[in-house]
Structure formats: structure tokens, C-alpha cells
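Take a look at the structure below.
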Amino acid sequence: MGEKILMKGNEALAEGAIRAGCRFFSGYPITPQNEVPEYMSWRLPDEGGTFIQAESEVAAINMIYGAAATGIRAMTSSSSPGISLKQEGISYCAGADLPFFYANVVRGGPGLGNIAAAQGDYNQSVRGGGHGDYRVIVMAPNSVDEMGNFPKLCFELAEKYRMPAMVLADGILGQMMEPIEFKFERVDPAKLPAKDWALGNSAGRAKRVVKSYDLREGELEKINLRRMAAYRKIEQDEVRFEAKNCEGADLVVVAYGTSSRIAAGAIKLARDKGLKVGLFRPITLWPFPKKQLAGLAGKAKKLLVVEMSMGQFVDDVRLAVNGAIAVDLYARPAGIPSAEEVMAEIEKACQGIKAAPAATAAAPKQRGRPKGSKNKKTKAKRTVRKRAARKQAKRGRKGGRR
Amino acid sequence: MMYQGIRISGFGGQGVISAGILLAQAGLLEGKNVSWFPAYGAEMRGGTANCSVVIASDEVSSPVVSRPDTVIVMNEPSLAKFEPLVKPGGLLIINSSLVKSQPTRKDIRVVAVACNKIAEEVGTTKIANMVALGAFAGATGAVSVDGIAKALPKVFKRAKPEMLQMNVTALKMGAAAAK
């Protein structure tokens, strides 16, 4: 705690993890997250921890499985292709109820893609990522300050629910420098409560087993149901979000991570022009702030999702509001929008609101069956199209369709 | 409300990346919101490198400065690349020791400073970047020469005192050259 220091996002993430009690790191280099293992390599030994540059991502994640099984705070990090390689091991950790922390400093994809910032790993992060039925807690920082302060939250949540927790960042958050203040006391790992499942010297106690495997009839489902109950509780209790100027806003921009800070700049421009625009930023992407987003439906007239991907995040927003409010999308797959570009989208979306106020009020009941690619269209265009479609449908019923 | 978006560009090895960090640190010491973002592609010594710096009274939204208020150009290839990006009415600082072409824009302010030459007078061309930063401070007032001087030991933690002193001299001479 104390003064603000200028730090790179990746280094803040690594330092934050160490201050949170992380004493084991294994990883494999990949841009744009290389500063994380680099920092860990000289800093962890100072703290009595262990740094291992593994021979591959697969080796690195399986070392995490082993380290986490002893109850130590263990961490790995990578960027998109490397995280894909780690998914099998992450699934095993989830299946063995092992808490650990990892970070994905997302780059452009698919494939090797490029090394610039992107948000294309959204679905992979919030839908589990590896095989099987599981979740990981996903936190989305939008500043270097949060890069440094979220690892502690991730470790705590991971241990509370015995599951993996991750930070979903991107190349900008990893590479940029910004002032940061660590807002917590250093965690002394020796003073953390003992874990009654952790492996180690078993002399004088019953044996413990950590595995992701159960062949007994019906047992796996019981385990999964127990896990499911924990997931429901997390969805109840652990949602985090930030809402800014959403009260009285006609339009609410919904964005996370880097997109959200660019959107914040655009919203400032829009509000200077007198447009009533707010910002809703999920901080946990899983659990997703469904209720809070749904709550915007009766208040704002429209949502505008801004994401640096084709339209992954928007699916969760649409599920949350369940058709009760129009949702526009500004998608920049492997592109980094400027505040001015987002501002232009905000103006476009606001024009749609003005052009069709009556239709907006009647919207909830009509919007049940969205058809394919209508999402990007403004409200006005959509209404016109819908009217035409209804006419056509009537004609179809009378005259038969060709 | 104050906002300065800066792009600094030059050869790898000219210290454009560390000049950017220094600028951000100086802004932080002067109580501003700051960000720094490097071009982190296939940069190498002798190739071109550049970074974005934002110094603002408000929160910084994008750390990527696509329409800079100020561009500092340390070598010839950077002029062609970054001159077109400067905001109308913005500032272009040129290291005239290495940049021989003339800028073509008429809607911006151009400050030409012989950074290498001045740095050599101080003692070493290695601190041409400090001359440029001094010119930036002198021409914009977005940060003070004093602020950058105070930031020096925070960024270059292992630098010798006499080297730091040379940097401060270079900053002052750059500021004087820009006025």
C-alpha cells in the first residue's frame, strides 16, 4: 500500500500475484505477456518462491496442477495460443477442484494471429475453455491498477470455491504503463489457513487424494452436481461490475477491459455533446452481471456493445436482457477502436432511438426471434424491416410462398 | 481540462521508448493522469521504434495515441510516418540533426531542434532524446523541465549522478532551443 508507482501491466500482474502470496510460477514465453515470466524469474526467488520456465505450455499447466495440489498459491500466464494449449490441464484442475490463478494476455487470433491486443478469447474464457462441464472465475481488468490488484481477488475466490480463477487481459493492458497503487497488505503464505484437502506429508492423518477421475457408478454426476451448486452460489454472490452515468441514460454502452476504457473516452465526448449515455462494465465476466444488465432494460432505451471481437460478449448481454431492450453491436475483431470511432457509433445508436421512440416502447414483446444478421442494424431500420417482414408473412399465408 | 497525446518515434537505440517512460513518470510526479504504450512488434536496434504517451487532467481512455497533439520525430523515416497523424494545430518536434526532409503540413506548429548536435555539446549523442524532451517541455509546458529532471532517478535507478546531471543539462538546453 502507499504511493502510486508507474508500472507495466504485465509487471503489475506479476507483482500483484507475488504480494498476494503466489510462490510458484511455471510458464512458457509468448508475446505480449513475456514480462510476466521475466518478472517472476528474478522476483520469485527473492521471496523464497519457485519459477520454472517449462519446456512447453502443456508442461507448465501440469506443473501448476502439481503445485496447486499441495495447497500453495500457484500461477501461470500466457497469451491466446498458449492458453489454448493449457486448456486440457485447466480442465483437469477444474475436475480435481484445484484452486490456482492464471492470466490470458489476449492477442489477435485465430491461429497465431498477431501480437496486438484483441478480445477474441471471450467465449473460451467464460464458457470453460477445455473439455467437460466446468467454469472458471473470469475477471476483466481495464487498467494497470486492476492488473495489479485483481490477482489477490482471484486467489481468494479460487480458494474459497476450490476452482481456477483467471484474469482476462489483452496486449494493451499487458504492455502499457500506468500509475498503480497496490491496495492490500502483502499476504504471508505461511499465515494462510491450512487446506484440509492439500497433499503433503500424510504422517498422522488420513490419506488424501486429488484427482479429476471417478469411475464409480453415478459418482461423477454427484460431484458435478455439487460443483454446479457452487457455481450457482458464485453467480449469486460474486458478481462485480461498474455502472457509470447509467441513471437517466438513453443509451448505455456495455464493454469490458480495454474496450471499456476506450468507450469511457467516447462517452465523455458524447456527453459533452449533450447525449445521455452511460457505461456498464462487467468486471467479472463469469459470473456475468445478468441481473444488473437486465435491470437497465426498463430504464435505458438501448444498449450498445463495444467489443474487440466479432460478437462474442454481445451474446451474453443479449441473454441477460432477454429481448427486453435493443442491443446494438460495434465489433472490432483484432482491431483497436479509437474513442472517436466509438463516439460515431454512439451517435448512430442515439439517432436510432430518436427515430423510433414508439417502437422502442413496444419492443420487448416483438423481439423474440432475432433473425441472423440483424444485430448491427439501427432500431429504425430494424422496425422498418420487421414491418416489411410481417407484410410478407401475411402475403405468404394467403398466396403461398415461392 | 488538459490533455496531451504524444507520439515519440526514432531508431531503436535512440531512447524513444525510455524518453516516453520518463515523460509519463514526470507527468505522474506533477499529479497528472498518465499512460505509456510502446509499439511492441518486431522492433530491434537500428530499426524504428515508437511509443504513445498521454498526460491529462482527466482519466486516460485509450493509451494508443492515434491523433497526437505532439509528435517527436528523432529520425528521417519517422517524419513520413508520423507527420500526417498530428492533430491540426498540433506540434511537430523534429530532430534536425538527422531529419533532412522538410515537413509539408501548414496547419501545425513545427519546432526543429538539432538534438544530436546539442547532445554532443553536452557530452554524448546518447542523450539526444533528453534534448527532445526538453524541447517538448519548453514548447508545450505540459510538463516542466524540473519535473522531468525529478523523474530521471526514478526511471534510471542505476544511473551515475554525473550521467543524470548531463541529462538535466540536455533537458535545459533542449527547452531553451525550443523557445
Per the filter on the stretch B:12-41, residues more than 9 Å from every other protein chain (Cβ to nearest Cβ) and surrounded by fewer than 24 Cβ atoms within 10 Å (Cβ to Cβ) are B:Gly12, B:Gly13, B:Gly15, B:Ile17, B:Ser18, B:Leu29, B:Glu30, B:Gly31, B:Lys32, B:Ala39
Does B:Lys157 qualify as being within 14 Å of another protein chain (Cβ to nearest Cβ) and not in a helix (DSSP H, G or I)?
-> yes
Condition set farther than 17 Å from A:Glu35 by Cβ and outside any helix (DSSP H, G or I), scope the stretch A:143-167, selection farthest from the other protein chains (Cβ to nearest Cβ): answer is A:Arg162
Answer yes or no: is there a residue in the stretch A:211-226 that is assigned to a loop (DSSP other than H, G, I, E, B), away from chain B (no Cβ under 14 Å), closer than 30 Å to A:Thr258 by Cβ and at pLDDT 95 or above.
-> no
Does the stretch A:185-194 contain any residue that is over 19 Å from the mean Cα position of the chain (by Cα), at pLDDT below 95, away from every other protein chain (no Cβ under 14 Å) and loosely packed, with under 10 Cβ neighbours inside 10 Å?
-> yes
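Yes or no, residue by residue, for (1) at pLDDT 95 or above; (2) among the polar types (S, T, N, Q):
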position	(1), (2)
B:Phe11	no, no
B:Gln14	no, yes
B:Gly27	yes, no
B:Phe37	yes, no
B:Thr48	no, yes
B:Val54	yes, no
B:Val60	yes, no
B:Val65	yes, no
Identify the residue in the stretch A:172-184 that is within 14 Å of chain B (Cβ to nearest Cβ) and assigned to a loop (DSSP other than H, G, I, E, B) and, among all such residues, is nearest to A:Ile5 (Cα to Cα).
-> A:Glu181
So which of A:Asp170, A:Asp250, A:Asp214 is surrounded by 13 or more Cβ atoms within 10 Å (Cβ to Cβ) and under 30 Å from A:Ile30 (Cβ atoms)?
-> A:Asp170
Return yes when B:Val99 is in contact (Cβ under 8 Å) with a residue 24 or more places away in the chain, of a type in the set (Val, Ile, Thr) and more than 14 Å from every other protein chain (Cβ to nearest Cβ) and no when it is not.
-> yes
Of (1) small (Gly, Ala, Ser); (2) out of contact with any Cys (no Cβ under 8 Å at 6 or more places or on another chain); (3) at pLDDT 95 or above, A:Gly204 fails just (3)
If you take the residues in the stretch A:275-296 that are out of contact with any Phe, Trp or Tyr (no Cβ under 7 Å at 6 or more places or on another chain) and surrounded by fewer than 20 Cβ atoms within 10 Å (Cβ to Cβ), which one is farthest from A:Lys233 (Cα to Cα)?
-> A:Leu275
Condition met for B:Ile72 (on the phi < 0 side of the Ramachandran plot, crowded, with 21+ Cβ neighbours inside 10 Å, touching a strand residue (DSSP E or B) at 6+ places or on another chain (Cβ under 8 Å) and at pLDDT 95 or above) | yes
From the list A:Asn201, A:Asn245, which one is outside the structural domain of A:Ala297 (by TED's automatic domain parsing) and not hydroxyl-bearing (Ser, Thr, Tyr)?
-> A:Asn201
Show the residue pairs that are 6+ apart or on different chains and have beta-carbon atoms under 6 Å apart, the first residue being within the stretch A:309-325 and over 22 Å from A:Gly298 (Cβ atoms) and not assigned by TED's automatic domain parsing to the domain that holds A:Ser125, the second being at pLDDT 95 or above and not in a loop (DSSP other than H, G, I, E, B).
-> A:Ser309/A:Tyr122; A:Met310/A:Ala331; A:Gly311/A:Leu329; A:Gly311/A:Ala331; A:Gln312/A:Tyr122; A:Gln312/A:Asn123; A:Phe313/A:Tyr122; A:Phe313/A:Glu307
Number of the exception - A:Gln87 against (1) within 14 Å of chain B (Cβ to nearest Cβ); (2) in contact with a helix residue (DSSP H, G or I) (Cβ under 8 Å, 6 or more places away or on another chain); (3) surrounded by fewer than 19 Cβ atoms within 10 Å (Cβ to Cβ) | (1)
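The values are calculated or read from the model by the stated rules, or taken from the named source; none is laboratory data. Everything numeric in this text was worked out from a predicted model, so none of it was measured. Reconstructed Cβ throughout: ideal geometry from the backbone, glycine too, with neighbour counts over all protein chains shown.
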